[in-house]
Amino acid sequence: MTEFDPERFENKYAEYFPELQTAYREAFEAMNDRYDSELVHGIDQQILNESEPFYEGDGQFRVELPENPTDRVTAIVVEDEKLQQVLDIYVSTIEEELRAVFGFEDGGAGDDSEGGTGESHQQA
């Protein structure tokens with residue numbers, strides 16, 4: 001676990017790049033275990049590759065997506081509602097992993113303790 005400094009996070013790609021990679025990788029692996037791997041890969045490569053995490057304060061992170069994110073997924077055929085649902089869960093999972101990597105809660109997406117979303121995820 002890395003000691004977190006909100007001021008250093010402003011320059012996140014220089015200061016915290018390995019930690020960001022870890023959070024995104026852990027989220028990808030968790031999502032890939034739960035949902036259709038082609039859909040998860042499409043979201044990862046066509047939407048999240050241009051996302052940006054921000055620290056909101058009080059141990060909370062927000063992942064900003066590019067404009068019209070669901071329009072970017074062209075490599076697979078998927079219903080809009082399903083794509084949006086899986087994307088929302090994926091973003092929440094990344095935010096959970098960021099909190100875990102920076103020590104704001106125990107465990108990450110695979111942890112069913114109180115720090116998680118409390119949602120029950122089914123194979124999409």
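Which whole-number percentage describes the relative contact order of segment 6-101, with Cα contacts under 8 Å and a sequence gap of 6 or more?
Over segment 6-101, the number comes to 34 percent.
Sort SER37, SER51 so that the residue with the fewest other Cβ atoms within 10 Å of its own Cβ comes first and the one with the most comes last.
SER37, SER51
Hey, fewest Cβ within 10 Å first, where do ASP36, ASP5 land in order?
Ranked by crowding around the Cβ, least crowded first: ASP5, ASP36.
Pick out, in residue order, every one of the GluC sites (Glu not before Pro) in segment 1-93 that is DSSP loop and has at most 12 other C-beta atoms within 10 Å; say none if there are none.
Taking segment 1-93 and a limit of 12 other Cβ atoms within 10 Å, the loop GluC sites (Glu not before Pro) found are GLU3, GLU10, GLU67, GLU79.
Determine ³J(HN,Hα), in whole Hz, for all residues of segment 42-55 in sequence, where each value follows from phi through the Karplus function 6.51 cos²θ - 1.76 cosθ + 1.60 and θ = phi - 60°; x replaces Gly and Pro.
Coupling constants for segment 42-55: x, 4, 4, 7, 10, 10, 6, 5, 10, 7, 9, x, 10, 8 Hz.
For GLU38, project a label point 7 Å along Cα to C-beta. Then give me every residue of segment 68-85 with its amide nitrogen under 11 Å of that point.
Within reach of a label on GLU38: 75-78.
Dividing the Cα convex hull volume of segment 16-101 by residue count, how many Å³ per residue is that?
Considering the Cα atoms of segment 16-101, their hull volume per residue is 88 Å³.
Bear in mind these aren't lab numbers, they're just calculated from the coordinates by the rules spelled out. None of the values given here were measured: they were computed from a predicted structure. FYI the Cβ positions are ideal-geometry reconstructions off the backbone, even for glycines, and counts take in every protein chain you see.
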